[in-house]
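The values are calculated or read from the model by the stated rules, or taken from the named source; none is laboratory data. Just so we're clear, the structure is a prediction, and the values are computed from it rather than from any experiment. Cβ: placed from backbone, ideal geometry, glycine included. Neighbour counts: every protein chain shown. Heavy atoms of the whole protein, side chains included, go into the accessibility calculation; ligands, DNA and RNA do not. Shrake-Rupley method; radii C 1.70, N 1.55, O 1.52, S 1.80 Å.
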Amino acid sequence: MHIPTLIARKREGEELSASEIELLVAGYTSGEIPDYQMAAFAMAVYFKGMSAAEIAALTRSMIASGDCFSHPSGHPAVVDKHSTGGIGDKVSLVLAPLVACAGCWVPMVSGRGLGITGGTLDKLESIPGFRVRIDLADASAQLAQLGVVMMGQTERFCPADKKLYALRDVTGTVPSIPLITASIMSKKLAESLDRLVLDVKFGSGAFMQTRGDAEALAASMLAVGREMGVEVHTVLNPMSEPTGRSVGNALEVVEALETLAGGGPADLRNVVLDLSEKIAGVSREQLEKLLDDGSALRRFEMMVSAQGGNPADLPNLAEIHRAPVIREVLAPAGGVVSRVDAGRVGQAALQLGAGRAKASDGVNFAVGFDQWVKCGESVQAGQVVCRIHAQSAADFEIAEAMIGKAIRID
Ligand code: URA
């Protein structure tokens, strides 16, 4: 196969065959095809797109580049959810153990935060000792025992995606619906799922800024899932304000624990239930009961234990990661909160150190926000609109100025 010709054909908008895409992905994974050719190919896809058949072929090739979960015969329904990310989105932490309590297996492979979007792995790692690096054999054993494992992408899990995503990140080719579809769906379908729910966010704090773009991405991912015989559901959710009342790694785990124990903010609980009921195979009422009677929290604690953490640390997480500066931000005037701009809150969280600007950065587990007011709530002048957890007084002041522009009270 002559790679420059293949790139040129894609540049001219031609449809490539499944075997051409397969050879391209295999050659890139093995190192035979260099980054510069793959970058040119990704840019050609960015401008010319891909047909549904090409996207399915790309997804299949990326799955085939590594190992997949292989579940024993007679296994329970294997299910998962993927969210395209947002601010304060700690849904996975609640949903995975909850759906396991309903009798499903949830082999959740998640990512790290990048830019304003937080990552499930970073949140989990704020639990002392929690291991997200698990090989497939150990993950499968835990799945059979607890019905849930939450882990990172290993070297052998969709390595083609790992390499291509890193390349896209530095070549301006991330925002391409065919490439995003294949990237997300390869990682999810390598879990060998029966059912998948996709939480596609749109708005200022989301990857997809408009509902139209989110619909296009949802349709593309749905088509690939169906093509590959997996029951896929999509739910579009606005990301105009943060999910729940906290943003930041340990702070979000604290809020997830409250929700796992039957409390927590109403919007977070509702998103968890909306998504869970698509895949769990039980009613919403049964799922609510599993939150309210402590079952979901117990399953989360068992998972923490199995993955190297100590459940006894969970109630003390806020103290374990206590930021040096914790200060309230007060409403300058009374009224109804009409905006808490998720994108701006995400930028402020990134500035505080809760997220990473580039993939090689670390994150600070302690910093972020809690006690956020929600849109539609009434506040009095001088009432707390949120608390900032900062590493220093100077950081607090920068974040305070940033969120001054995020919130509007009418
Ligand atoms: N998340 C992924 O895993 N891949 C993408 O391409 C974009 C977001």
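Principal axis extents of the C-alpha atoms in the range 278-410 (largest first, rounded to whole Å): 44, 37, 27. To the nearest ten degrees, helix 136-146 and the longest principal axis of the Cα atoms of the chain are 50 degrees apart.
Just the number please: accessible area per residue for the chain, 1.4 Å probe, all protein chains included, in Å². Spell out each step's value before the answer.
Numbers: 16050 Å² over 410 residues.
Result: 39 Å² per residue.
Between the helical axis of 393-404 and the longest alpha-carbon principal axis of the chain there is an angle of about 80 degrees.
Using a Förster distance of 51 Å, how high is the FRET efficiency between residue 377 and residue 53, based on the Cβ-Cβ distance and rounded to 0.05?
Values: r = 48 Å, r/R0 = 0.95.
Once the sixth-power term is evaluated, E becomes 0.60.
For the chain, the share of accessible area belonging to carbon and sulfur comes to 51 percent (1.4 Å probe, ligands and nucleic acids excluded). Once Rg and the Kirkwood radius are both taken over the C-alpha atoms of the range 3-64, their ratio Rg/Rh works out to 0.92.
Using a Förster distance of 22 Å, how high is the FRET efficiency between residue 15 and residue 171, based on the Cβ-Cβ distance and rounded to 0.05?
Efficiency for this residue pair is about 0.45.
Over 29 Å between C-alpha atoms is what I'm after, so list which of 188/358; 90/289; 90/163; 187/358; 81/374; 162/289 land there. Beyond 29 Å between Cα atoms: 162/289. Charge dipole (Cα centre; +1 on Lys/Arg Cβ, -1 on Asp/Glu Cβ; no other charges) of the chain amounts to roughly 340 debye.
For a Förster distance of 45 Å, can you work out the FRET efficiency between the beta-carbons of residue 391 and residue 286, rounded to the nearest 0.05? Could the numbers behind the result be given before it?
Values: r = 43 Å, r/R0 = 0.95.
For R0 = 45 Å, the calculated efficiency reads 0.55.
By DSSP, the beta bridges lying fully in the chain are antiparallel in about 45 percent of cases.
Compactness ratio of the range 1-154: Cα Rg over 2.2 N^0.38 Å, N = residue count? Could the numbers behind the result be given before it?
On the way: Rg = 18.8 Å, N = 154, 2.2 N^0.38 = 14.9 Å.
Computed over Cα atoms of the range 1-154, the ratio equals 1.26.
Annotation: amide H-H contacts under 5 Å for residue 330 (H modelled 1.01 Å from N, sequence separation of 5 or more, or interchain): 385.
Diffusion coefficient of the chain by Stokes-Einstein, Kirkwood radius over Cα pairs, 25 °C, 0.890 mPa s: 112 µm²/s. Residue by residue, the range 302-308 carries 3J(HN,Hα) couplings of 5, 5, 4, 4, 5, 9, x Hz when phi is fed to the Karplus relation 6.51 cos²θ - 1.76 cosθ + 1.60 (θ = phi - 60°); x denotes Gly or Pro. A simple rule links phi to the HN-Hα coupling: the Karplus curve 6.51 cos²θ - 1.76 cosθ + 1.60 with θ = phi - 60°, which for the range 149-157 gives 9, 10, 8, x, 5, 7, 4, 9, 10 Hz, with x for Gly and Pro.
Taken as Cα centroids, the range 172-204 and the range 86-119 sit 14 Å apart, rounded to the nearest whole angstrom. Put simply, the amide H of residue 134, placed in the peptide plane, has neighbours under 5 Å in 152, leaving out anything fewer than 5 places away on its chain.
Compared with the dominant Cα axis of the chain, that is its longest principal axis, helix 266-279 is turned about 30°.
How big is D for the range 251-312, in µm² s⁻¹ as a whole number, if Stokes-Einstein is applied with the Kirkwood radius of its Cα pairs at 10 °C and 1.306 mPa s? List each step's numbers first, then the result.
Working: Rh = 12.1 Å.
Result for D is 131 µm²/s.
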